[in-house]
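A short worksheet on the structure shown next.
The values are calculated or read from the model by the stated rules, or taken from the named source; none is laboratory data. Everything numeric here is computed off the predicted structure, so don't read it as measured data. Counting neighbours? That spans all protein chains shown, and the Cβs are built from the backbone with ideal geometry, glycine included. Heavy atoms of the whole protein, side chains included, go into the accessibility calculation; ligands, DNA and RNA do not. Shrake-Rupley method; radii C 1.70, N 1.55, O 1.52, S 1.80 Å.
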Amino acid sequence: MEHTAALGIMMVIIVSVALFAMIFGIVYLAKRERLAMIERGMDPRKYKPQRAPFHNLKWGLLLIGCGVGLFLAYLLDHSLFANFGVRDKYDDDTNNWIIYFALITIFGGLGLFMSYRIEKKEDDKSVD
């Protein structure tokens, strides 16, 4: 029990230090960027980040792809693997998470690839 308590205390300390370091790094880099802009004669107040026109499309296709991957993994896990007897070996569901992870990432990646293709097609139309 002592090891668990010590691990819990170490985890709190490590997470706190990491959170502080992350916030400090973000603020430091933002200030450094502003100073670099001032040194080059730019006005940092006029700086606005570029708008990403296909940002919602990218997130939408990513989430649709992940949803399709999750649904397909569920169907495979509960119908195909159960019918072939694969599930009998793994009654505690220890190895079924692999197919969920794999299909979510595959279909999420396909969604991002579709987003890239759509964005590229729109950019090619605007150039011509």
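Can you find a residue that is basic (Lys, Arg) and at pLDDT below 90 anywhere in the stretch 106-118? Scanning the stretch 106-118, I find no residue that is basic (Lys, Arg) and at pLDDT below 90, so the answer is no. Selection of first residues in the stretch 25-46 that are free of Cβ contacts under 8 Å to residues at least 12 places away in the same chain and among the charged types (D, E, K, R) and of second residues that are open to solvent by less than 90 Å² (accessible area, probe 1.4 Å) and in a loop (DSSP other than H, G, I, E, B), restricted to Cβ pairs under 7 Å at least 6 apart or on distinct chains, gives the following pairs, ordered by first then second residue: Arg34/Pro44.
Sub-9 Å Cβ pairs linking a first residue in the stretch 91-103 that is more than 22 Å from Leu63 (Cβ to Cβ) to a second residue that is at pLDDT 80 or above and in a helix (DSSP H, G or I), at least 6 apart or interchain, are Asp93/Asp77; Asn96/Ala73; Asn96/Asp77, ordered by first then second residue. Each residue in the stretch 22-60 was checked for being in a loop (DSSP other than H, G, I, E, B) and aliphatic (A, V, I, L, M), and 2 pass.
Within the stretch 22-71, track down each residue that is open to solvent by 90 Å² or more (accessible area, probe 1.4 Å) and among the aromatic types (Phe, Trp, Tyr). Phe24, Tyr28, Tyr47, Trp59, Phe71, listed by residue number. Out of contact with any Gly (no Cβ under 7 Å at 6 or more places or on another chain), β-branched (Val, Ile, Thr), at pLDDT 90 or above and surrounded by 12 or more Cβ atoms within 10 Å (Cβ to Cβ) - does that describe any residue in the stretch 72-95? No, the stretch 72-95 contains no residue that is out of contact with any Gly (no Cβ under 7 Å at 6 or more places or on another chain), β-branched (Val, Ile, Thr), at pLDDT 90 or above and surrounded by 12 or more Cβ atoms within 10 Å (Cβ to Cβ).
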